[in-house]
Structure formats: structure tokens, C-alpha cells
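FYI, it's all coordinate maths here, none of it is from the lab. Remember, predicted model here, so these are calculated numbers, not experimental data. So basically every Cβ, Gly included, is an ideal-geometry build from the backbone, and we count neighbours across all protein chains shown.
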Amino acid sequence: MIKASDVSHSVAVHGGQLQILKNINLDIHKGETVAIVGASGSGKTTLLGMLAGLDVPSSGELTINNTSISALDEEARSTIRRDYVAFVFQNFQLLESLTALENIMLPLEVKGDKQAEKKAASYLERVGLKLRAQHYPRQLSGGEQQRIALARAFACEAPIIFADEPTGNLDAETGALITELLFSMNAESDTTLVLVTHSAELAERCQRQLTMHAGQLSEHCR
Ligand SMILES: Nc1ncnc2c1ncn2[C@@H]1O[C@H](COP(=O)(O)OP(=O)(O)OP(=O)(O)O)[C@@H](O)[C@H]1O
Ligand SMILES: [Mg+2]
């Protein structure tokens with residue numbers, strides 16, 4: 001489903017080069033749940049962005065569903081993302097000017113889904129927030145906003161969900177609720193889930209655990 005072969009990434013910083021990712025090799029199969037853990041600044045978010053086709057590595061090969069990302073321009077990569085990828089972020093990233101329901105509908109409308117409103121309403125109900133349909137993000141708690149973000153991600157029915165610290169801004173109890181919802185919705189839809197977390201509990205829930213250390217990746221075998 002996603003394959004990284006010898007992926008490295010450097011950025012230019014005041015006269016020098018900063019190497020963020022070093023020779024990453026990774027194969028993620030359909031339906032797997034994968035956690036990426038590691039110290040702050042070790043390159044987890046950068047790697048997630050590469051795996052999701054948001055950015056292109058400086059060297060190495062990255063394929064999503066057998067399509068090589070490096071050879072594509074931004075427009076072609078955005079088409080791949082639209083068809084294959086959905087995101088959940090630490091800071092929810094809902095659009096402030098749209099209601100909860102409209103936030104879930106938006107990516108479906110972008111795809112031209114005629115059932116956008118109906119589908120969005122059913123995912124809103126799935127996350128237990130039917131009564132908050134007309135609320136704007138500022139009228140929702142953090143945990144509620146993340147539930148809307150989960151509904152938005154799963155409503156797309158993309159084969160791969162990427163989540164960058166999905167419980168990072170939430171208290172322990174709310175984080176546990178989001179974790180339950182994330183894994184139950186993932187199991188229902190048979191999605192591939194790749195998440196970054198600082199939470200040992202969340203990482204433990206995944207079938208595979210990978211650790212980033214200064215741009216290098218290692219896998220724990222359990
Ligand atoms: N565009 C960029 N330009 C320069 N440096 C960058 C850029 N993007 C990331 N970095 C640097 O690369 C390193 C890895 O960043 P990244 O955001 O991937 O870390 P992370 O593991 O996700 O950390 P955290 O757990 O704090 O979110 C950091 O030292 C960061 O400062
Ligand atoms: Mg990060």
C-alpha cells in the first residue's frame with residue numbers, strides 16, 4: 001500500500017543542509033495499524049508528510065498504491081491524496097466558518113459525491129454528535145472537535161488514514177475516548193491507519209510500532 005525505499009530528506013538552513021530523514025525503508029500493508037513514536041524533533045511529522053504524499057523526499061523512492069510519488073507534480077500528488085488519503089491532526093484543523101456538518105461534507109463535495117450531506121450526517125451520528133450538527137468549531141469542546149475531525153476523515157472512505165498526535169491536545173480521559181473511536185471506526189472500515197503519537201497507550205493499540213530516532217527508523221518486534 002505504501003512503500004518507502006531508502007528515503008532521505010534534507011532542507012537548506014542558513015548556508016548548510018539539515019538532514020531530517022535518513023535512509024528510511026518501510027512497507028505498510030493494507031489494513032495494518034502502525035504507530036510511529038520517538039522524541040520531539042526526530043522527524044515523525046516529516047515522515048508522515050512524505051508517506052501521505054504531501055511532500056517529496058530529497059532522495060529515495062516512495063510509492064502509494066504502486067504509484068511513485070517522486071515522479072509526480074503537485075497537482076498529480078493532490079489527486080493521489082484525494083483518492084487515497086485522509087488526515088487527523090493534533091489541532092483538529094476544522095474550518096472555523098463551517099458548521100460541524102459542513103466540515104464533514106466539504107471533502108465529499110470536493111470529490112463530487114452526490115450523497116455528501118447524507119453521508120456526513122451518518123458519520124456525525126457515528127461519532128455521537130448528531131445534536132451538534134449546526135455548531136461551529138468554536139462552539140465545540142476540543143474532544144468534540146476531534147470527533148468531528150474523525151468523522152470527516154472516515155466519511156471520505158479513503159483507504160489510508162494518517163493521524164499526527166490525534167490525542168495530543170486532549171486530556172487523558174478524552175484522549176482515551178478518541179482512541180476508542182479511532183480504532184473502532186478503523187476496524188469497521190478496514191482502513192490502513194498510520195499514526196504518530198507520544199502516548200504509549202495509543203501506540204500499544206497498533207499492530208506495529210516504529211521508532212524515529214534522529215531521522216532513522218527502527219521497528220520493535222512484538
Ligand atoms: N521545513 C523545514 N525546514 C527546516 N527544518 C525543518 C523543516 N521541517 C522540519 N524541520 C526540522 O526537522 C526536525 C524534525 O521535525 P518534525 O516536525 O518531523 O519532528 P517531530 O518528530 O514530528 O517532532 P514533534 O514530536 O515535536 O512533533 C526538527 O528539528 C525540525 O526543526
Ligand atoms: Mg510532529
All positions within the stretch 26-54 that are near ligand 1 (Cβ under 9 Å from one of its atoms) and either of a type in the set (Phe, Trp, Tyr) or out of contact with any strand residue (DSSP E or B) (no Cβ under 8 Å at 6 or more places or on another chain) (or both): Ser40, Gly41, Gly49
Strands (runs of 3 or more DSSP E) within the stretch 155-222 that include 2 or more residues loosely packed, with under 13 Cβ neighbours inside 10 Å and not acidic (Asp, Glu): 216-220
Counted residues, the stretch 15-25 - those being closer than 28 Å to Ala187 by Cα and either small (Gly, Ala, Ser) or within 15 Å of ligand 1 (Cβ to nearest atom) (or both): 1
The stretch 37-75: number of residues that are small (Gly, Ala, Ser), more than 16 Å from ligand 2 (Cβ to nearest atom) and crowded, with 20+ Cβ neighbours inside 10 Å: 1
Test: residue in the stretch 119-132 that is assigned to a helix (DSSP H, G or I), among the hydrophobic types (A, V, I, L, M, F, W, C) and under 29 Å from Met1 (Cβ atoms): yes
Strands (runs of 3 or more DSSP E) completely within the stretch 14-110 that count 1 or more residues being more than 16 Å from Ala163 (Cα to Cα): 16-28, 59-64
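State which residue is nearest to Leu94 (Cα to Cα) when the search covers only the stretch 133-154 and only residues that are part of a helix (DSSP H, G or I), hydrophobic (A, V, I, L, M, F, W, C) and without any contact (Cβ under 8 Å) to a residue 60 or more places away in the chain.
First, pick out the residues of the stretch 133-154 that are part of a helix (DSSP H, G or I): 137-139, 142-154.
Within this subset, residues satisfying the condition of being hydrophobic (A, V, I, L, M, F, W, C) are 148-151, 153-154.
This time we only want the ones that are without any contact (Cβ under 8 Å) to a residue 60 or more places away in the chain, so: 148, 151.
Details: Ile148: 8, Ala151: 11 Å.
Here the residue is Ile148.
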